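Single-structure report; data block below.
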Amino acid sequence: MKKILILGAGGQLGKELHELAKLTTEIDVVAYDRQALDITDVDAVFRVVKSENPDCVINAAAYTAVDKAESDSENAFLINETGARNVAEACQAESVRLIHVSTDYVFNGQKDSPYNEKDVVDPQNVYGLSKYKGEQAIREVMPNHIILRVSWVFGLYGNNFVKSIIRLARERTELSIVADQLGCPTSTVNIASVILQIVPQICDESFKVKKFGTYHYCDMPETTWFGFASAIVEAVRAVEARAAEAGAVETGKIEVSQPISVKQIIPIMTREYPTPAKRPENSRMDTALIEKVFGIKRAQWRPALDKLIQQIVNNQL
Ligand SMILES: NC(=O)c1ccc[n+]([C@@H]2O[C@H](COP(=O)([O-])OP(=O)(O)OC[C@H]3O[C@@H](n4cnc5c(N)ncnc54)[C@H](OP(=O)(O)O)[C@@H]3O)[C@@H](O)[C@H]2O)c1
């Protein structure tokens, strides 16, 4: 039985990972949210890693407010760079494995095909730069790490694009969504599953040192934010239609639900929706390496989206 320690366990990925790990019989899990452990407190990080004595730490703690980071860079770097370094130093000192989660936003988005792990990074915003500096800090202090870059994360916990689109689709009749950024939406359930498949492999003594390093994972297929928003609205409509057909409205199951009011989703260009942080046009990542080295089967985001929307609509989240 391998023991994992999850940091940032109150976030959308951290919470999902905790829930999934609890169901996994071969994994013993302990989870710290920000209140229980602030990764910028180096002494506390060392204390917890030592006292919990896990086989592997999963660092899902991060400063993730991409736009806010532009005017709050000190905190972004403190958490994403210094915090990541603290975690890696503690893991190195205690000979504990580390899986650190990073982002597609380390790239500039100019490549016209999916990014692989050897591609040169060139972050376009403060968040991306702070995450890249965090990666570099880990590479410096702990050569045998796993950095897992993921993209366009969505799930049941916390705030994300799916929840925002559902809220807006209930409030408005028209939505304008950016259609010139390409990427792969990725479910927290699928990322958590990937992490839990990697853990036993890197904790095994026979794991080859040369396999440590940086990996890309994202679900498939690629789409745009417009494409993803359209899929979200379509899925909500399907759940609402099924519920209505089954008489759920009459039985009160969704009676407090505000049905979606949106009639039209309009594709727009990024320049028509200015944000403080610049985003890469191409966020697609090549997952061939993680598939080959760890035997990961790349998942589709659509089934995870359908399940999530069912949970959201039925539970009035
Ligand atoms: N969300 C995306 O679309 C996306 C895309 C690519 C990569 N990623 C990466 O995926 C990972 C997980 O992201 P997520 O979507 O789960 O983000 P999230 O929901 O914002 O979760 C991050 C968690 O880290 C916590 N945290 C912040 N500062 C901390 C500190 N000093 N000490 C301990 N915990 C701290 C946050 O707590 P508070 O909420 O209390 O601040 C939050 O619970 C991150 O590394 C992120 O960079 C995310």
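The values are calculated or read from the model by the stated rules, or taken from the named source; none is laboratory data. Since the model is a prediction, treat every value here as computed from it, not as a measurement. Heads up, the Cβs are rebuilt from the backbone with ideal geometry, glycines too, and the neighbour counts pull from every protein chain shown.
Collect the residues in the stretch 37-89 that are over 22 Å from Tyr127 (Cα atoms) and in contact with a Lys or Arg (Cβ under 8 Å, 6 or more places away or on another chain), keeping them in residue-number order.
Within the stretch 37-89, Glu52, Asn53, Pro54, Asp55, Cys56, Val57 qualify.
On the given criteria, is Glu26 charged (D, E, K, R) and touching a residue at least 12 places away in the same chain (Cβ under 8 Å)?
Values: charged (D, E, K, R): yes; touching a residue at least 12 places away in the same chain (Cβ under 8 Å): yes.
Answer is yes for this residue.
Looking at (1) surrounded by 12 or more Cβ atoms within 10 Å (Cβ to Cβ); (2) farther than 23 Å from Ile232 by Cβ, can you tell me which one Ile260 breaks?
The failed condition is (2).
Take the residues in the stretch 83-132 that are among the basic types (Lys, Arg) and more than 18 Å from the chain's Cα centre (by Cα); name whichever of them is farthest from Ala69 (Cα to Cα).
Out of the qualifying residues, it is Arg97.
Could you tell me which residue of the stretch 118-137 is surrounded by the most Cβ atoms within 10 Å (Cβ to Cβ), considering only residues that are farther than 24 Å from Ile6 by Cβ and touching a residue at least 60 places away in the same chain (Cβ under 8 Å)? First the steps, then the outcome.
Initially, the stretch 118-137 is screened for residues farther than 24 Å from Ile6 by Cβ, giving 118-126, 129.
Next, from what is left, pick out any that are touching a residue at least 60 places away in the same chain (Cβ under 8 Å): 124-126.
Working: Gln124: 18, Asn125: 21, Val126: 24.
The extreme case among them is Val126.
Which one of these does Ile177 not meet: (1) at pLDDT 95 or above; (2) outside any helix (DSSP H, G or I); (3) within 13 Å of the ligand (Cβ to nearest atom); (4) closer than 23 Å to Arg302 by Cα?
Among (1) at pLDDT 95 or above; (2) outside any helix (DSSP H, G or I); (3) within 13 Å of the ligand (Cβ to nearest atom); (4) closer than 23 Å to Arg302 by Cα, Ile177 violates only (3).
Check Gly134, Gly158, Gly128 and return the single one that is of a type in the set (Gly, Ala, Ser), at positive phi and within 14 Å of the ligand (Cβ to nearest atom).
Going through Gly134, Gly158, Gly128 in turn, just one is of a type in the set (Gly, Ala, Ser), at positive phi and within 14 Å of the ligand (Cβ to nearest atom): Gly158.
If I ask for residues that are under 23 Å from the mean Cα position of the chain (by Cα) and among the charged types (D, E, K, R), which ones from the stretch 20-36 would you list?
Across the stretch 20-36, the qualifying residues are Lys22, Asp28, Asp33, Arg34.
Looking at (1) without any contact (Cβ under 8 Å) to a residue 12 or more places away in the chain; (2) closer than 30 Å to Pro276 by Cβ, which is the only condition Ser95 fails?
Of everything listed in (1) without any contact (Cβ under 8 Å) to a residue 12 or more places away in the chain; (2) closer than 30 Å to Pro276 by Cβ, Ser95 misses just condition (2).
Suppose we filter Glu16, Glu26, Glu81 for residues that are within 23 Å of Ser187 (Cβ to Cβ), surrounded by 21 or more Cβ atoms within 10 Å (Cβ to Cβ) and of a type in the set (D, E, K, R); which single one remains?
Values: Glu26 fails: surrounded by 21 or more Cβ atoms within 10 Å (Cβ to Cβ); Glu81 fails: within 23 Å of Ser187 (Cβ to Cβ).
Every option except Glu16 fails the conditions.
Tell me which residues, restricted to the stretch 174-222, are under 22 Å from Pro54 (Cβ atoms), charged (D, E, K, R) and free of Cβ contacts under 8 Å to residues at least 60 places away in the same chain.
Passing the criteria: Asp204, Glu205, Lys208.
Can you tell me which condition Ile39 does not meet? The list is (1) over 15 Å from Thr188 (Cβ atoms); (2) more than 19 Å from the chain's Cα centre (by Cα); (3) not aromatic (Phe, Trp, Tyr), and all the others hold.
Status for Ile39: all satisfied but (2).
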